[in-house]
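Structure first, commentary second.
The values are calculated or read from the model by the stated rules, or taken from the named source; none is laboratory data. None of these values were measured; they are calculated from a predicted model. Glycine gets a Cβ as well: all are built from the backbone with ideal geometry, and neighbour counts include every protein chain shown.
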Amino acid sequence: MLRTTTRTLIRTASVRVTPSLTRAIARNARVGVRFASQLAHAKVPPNLTNEPVKNFGINDQKDWDLLRASITKFTDNGALEIPIVINGEKIYDRPTKPQVNPSKHSQVLANVAQASEEDIKAAIEASKTAKAKWASAPWADRAAVFLKAADLISTKYRYDMLAATMLGQGKNVFQAEIDCIAELIDFFKFNVKYAEEMYQQQPIESSPGVWNRAEYRPLEGFVYAVTPFNFTAIAGNLVGAPALMGNTVVWKPSATAALSNYVLLQILEEAGLPKGVINFIPGSPQEVTKHVLDDRAFSALHFTGSTDVFKQLYSKISSNVAEDKYRDFPRIVGETGGKNFHLVHPSASVDHSVLSTLRGSFEYQGQKCSATSRLFVPESLWPEFQTKLGAAMDNITIGNTAEPSNLQTFMGPVIHEQSFDKLAKAIDQAKTDPELKIVKGGEYDKEAGFFVQPTVVETTNSNHPFLTTEFFGPLLTAYVYPDAEFENIMETIDTATKYALTGSIFARDRDALRLAEEKLRYSAGNFYVNDKCTGAVVGQQWFGGARMSGTNDKAGSGNILSRFVSVRNIKENFYELTDFKYPSNYKN
Ligand SMILES: NC(=O)c1ccc[n+]([C@@H]2O[C@H](COP(=O)([O-])OP(=O)(O)OC[C@H]3O[C@@H](n4cnc5c(N)ncnc54)[C@H](O)[C@@H]3O)[C@@H](O)[C@H]2O)c1
Ligand SMILES: N[C@@H](CCC=O)C(=O)O
């Protein structure tokens with residue numbers, strides 16, 4: 001009996017060793033039960049800091065050579081066959097969909113197997129089956145998988161990860177480095193650190209003769225991770241954070257990030273991820289989602305992507321709750337779209353705010369949820385601002401960022417034809433709409449790849465749809481406000497859009513900074529002072545927005561982990577009763 005109970009014990013909290021616990025350990029040792037995690041309180045390695053970003057400067061020849069070798073490995077061996085992975089089994093014999101290089105759409109990088117209804121159901125069952133063992137694995141074993149994966153990404157697979165992300169998602173080397181290397185490693189390592197801190201949070205009082213404990217149980221069912229194309233790191237965190245906490249995961253990757261995501265899955269496997277803990281199910285998003293959300297054991301959605309898709313999933317889950325489909329109220333964690341602002345005050349440094357705006361708007365072709373897409377500049381600065389921005393943009397190079405002979409290119413393609421067409425249509429509208437004027441850029445070309453020139457549009461209407469719609473591309477809309485209207489323009493920034501993800505104030509005047517911090521309190525979950533509104537670093541800037549930008553559970557902080565545990569409080573009493581009455585029940 002004891003053997004069975006302790007075998008399935010969920011080791012989900014670090015508790016202080018007391019005499020009674022020592023006795024229990026000794027008892028179990030006598031009956032030969034494995035009880036390793038309770039024999040010591042493992043501390044995570046002390047050197048868990050942000051991964052240093054490699055520069056790929058002109059003197060870093062070795063890095064460039066290794067990167068080129070990895071790129072050609074992917075491109076010179078034909079398309080990679082990417083399987084569905086269920087319970088560790090790789091399933092190839094399914095209809096496939098191609099993943100192409102968005103810089104060169106004639107180049108098929110991978111043929112991605114598409115999950116059938118049976119596959120999806122099998123993945124759900126595999127997640128349920130793998131759950132008991134993974135949930136009861138010692139904390140150190142779960143943590144070690146992610147720490148080892150982080151090390152493998154930093155060393156053995158660094159250049160393969162970079163190449164897969166650059167080729168498949170159209171990133172230049174720097175953008176790939178800060179994503180699939182630095183941010184991904186940071187997520188894996190910092191989550192381990194945060195989990196350790198969480199497990200140490202225990203009830204702070206225990207009455208005499210009582211021991212109160214908190215146990216951080218994984219959720220009872222399985223987690224569904226639906227991941228976006230634009231950050232390999234985000235995909236890693238969406239599956240990694242719940243898995244670290246002892247959950248099992250059904251992973252629906254983005255069709256346009258399947259290559260890097262599959263490389264990552266293989267790294268996790270090499271790092272020791274047990275079979276069935278993360279089941280990789282590429283396929284029709286609607287079909288996969290339908291079966292997952294219909295399952296009674298569905299216990300959490302971990303989503304990053306567009307607001308519209310998240311709303312659909314949210315409402316489906318809600319109506320399923322109303323129909324009693326689930327055992328639990330599923331946790332819903334979603335980070336979604338943005339319409340992020342740069343507000344420039346008359347006291348700001350023009351040079352700094354211009355260069356920050358260029359980076360915020362056009363790095364990775366404006367395809368960061370955090371990208372600057374609306375700009376507010378005072379009349380007094382606009383002529384100089386516009387001239388300097390235009391001049392800097394003249395130096396932006398555009399092309400195939402994964403072309404081995406020209407890896408220094410600054411801007412690549414947008415992700416796919418649908419995105420290209422949406423942006424081309426918007427640019428065409430800007431050419432005819434009387435409230436809009438293209439002040440820079442305005443060209444596009446999809447003959448070889450999906451290339452859109454970085455474009456700045458000025459509008460005379462502070463509520464124009466260009467200032468409220470998320471285009472998710474290199475399209476920045478500027479509004480020039482009268483200097484005296486600084487305070488009022490913040491009202492517009494705050495109320496014009498449904499989003500509240502990121503935003504920046506540029507000023508040297510301290511009163512202006514204070515005012516902006518107050519008036520824009522709810523306009524952005526990540527608010528920057530004299531810095532661009534992109535580039536949050538794990539552990540430094542906790543990331544996420546509110547309103548229609550998401551549930552703001554803050555990726556890169558310990559907070560996110562709390563969404564994937566269901567705490568059990570345990571009260572253990574050491575005294576035995578001798579009477580049922582209280583003193584107050586006795587007469588004097
Ligand atoms: N706030 C954040 O932290 C954050 C980070 C990255 C991206 N984003 C947002 O993501 C969007 C861009 O990424 P994307 O193009 O991959 O987003 P998307 O919404 O098109 O896709 C995201 C995921 O949802 C899946 N999906 C699409 N339609 C679906 C449906 N009907 N049912 C179920 N799943 C479906 C996709 O296959 C993909 O895996 C932008 O809106 C961006 O702002 C937000
Ligand atoms: N950490 C990134 C997240 C971008 C999301 O797409 C940033 O803050 O720019």
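Inclusion of Asn526 among residues that are in contact (Cβ under 8 Å) with a residue 12 or more places away in the chain, out of contact with any helix residue (DSSP H, G or I) (no Cβ under 9 Å at 6 or more places or on another chain) and either more than 13 Å from ligand 1 (Cβ to nearest atom) or within 24 Å of Ile181 (Cα to Cα) (or both) is warranted.
Just one of the listed residues (Phe303, Phe329, Phe310) is free of Cβ contacts under 8 Å to residues at least 12 places away in the same chain and among the aromatic types (Phe, Trp, Tyr), namely Phe329.
Against the criterion of being within 16 Å of ligand 1 (Cβ to nearest atom) and touching an Asp or Glu at 6+ places or on another chain (Cβ under 9 Å), Asn212 does not qualify.
The residue list Arg331, Arg359, Arg374 contains one member that is buried (at least 24 other Cβ atoms within 10 Å of the Cβ) and among the charged types (D, E, K, R), which is Arg374.
When residues in the range 528-548 are screened for being in contact with a strand residue (DSSP E or B) (Cβ under 9 Å, 6 or more places away or on another chain), more than 10 Å from ligand 2 (Cβ to nearest atom) and over 15 Å from Ala500 (Cα atoms), 3 of them pass. Counting residues in the range 273-283 that are touching a His at 6+ places or on another chain (Cβ under 8 Å) and touching a residue at least 24 places away in the same chain (Cβ under 8 Å) gives zero. In the set (1) crowded, with 20+ Cβ neighbours inside 10 Å; (2) more than 12 Å from ligand 2 (Cβ to nearest atom), Thr502 fails one condition alone, (2). Given the structure, is Val263 assigned to a helix (DSSP H, G or I), more than 16 Å from ligand 2 (Cβ to nearest atom) and touching a Lys or Arg at 6+ places or on another chain (Cβ under 7 Å)? So Val263 does not fit the description; no. Annotation: Ser299 fulfils all but one of (1) within 13 Å of ligand 1 (Cβ to nearest atom); (2) of a type in the set (Ser, Thr, Tyr); (3) within 30 Å of Ala140 (Cβ to Cβ); the unmet one is (1). Candidates in the range 422-457 are the residues that are among the hydrophobic types (A, V, I, L, M, F, W, C) and assigned to a strand (DSSP E or B); of these, the one that is nearest to Pro102 (Cα to Cα) is Phe451.
The helices (runs of 4 or more DSSP H) found entirely in the range 302-421 that carry 3 or more residues being outside the structural domain of His291 (by the TED database) and either away from ligand 2 (no atom under 16 Å from the Cβ) or at positive phi (or both) are 350-362, 382-393.
May I ask you to verify whether Ser419 is of a type in the set (Gly, Ala, Ser), within 16 Å of ligand 1 (Cβ to nearest atom) and more than 30 Å from Leu66 (Cα to Cα)? So Ser419 fits the description; yes. Of all the residues in the range 112-132, those that are surrounded by fewer than 20 Cβ atoms within 10 Å (Cβ to Cβ), touching a strand residue (DSSP E or B) at 6+ places or on another chain (Cβ under 8 Å) and of a type outside the set (A, V, I, L, M) number 2. Applying the set (1) touching a residue at least 24 places away in the same chain (Cβ under 8 Å); (2) surrounded by fewer than 24 Cβ atoms within 10 Å (Cβ to Cβ) to Phe229 leaves exactly one unmet item: (2). Against the conditions (1) surrounded by fewer than 23 Cβ atoms within 10 Å (Cβ to Cβ); (2) in a loop (DSSP other than H, G, I, E, B), Lys193 satisfies every one except (2).
For first residues located in the range 553-582 and part of a loop (DSSP other than H, G, I, E, B) and modelled with pLDDT of 95 or more, partners that are among the polar types (S, T, N, Q) and surrounded by fewer than 17 Cβ atoms within 10 Å (Cβ to Cβ) and lie 6+ apart or on another chain with Cβ distances below 7 Å form the pairs Asp553/Asn559.
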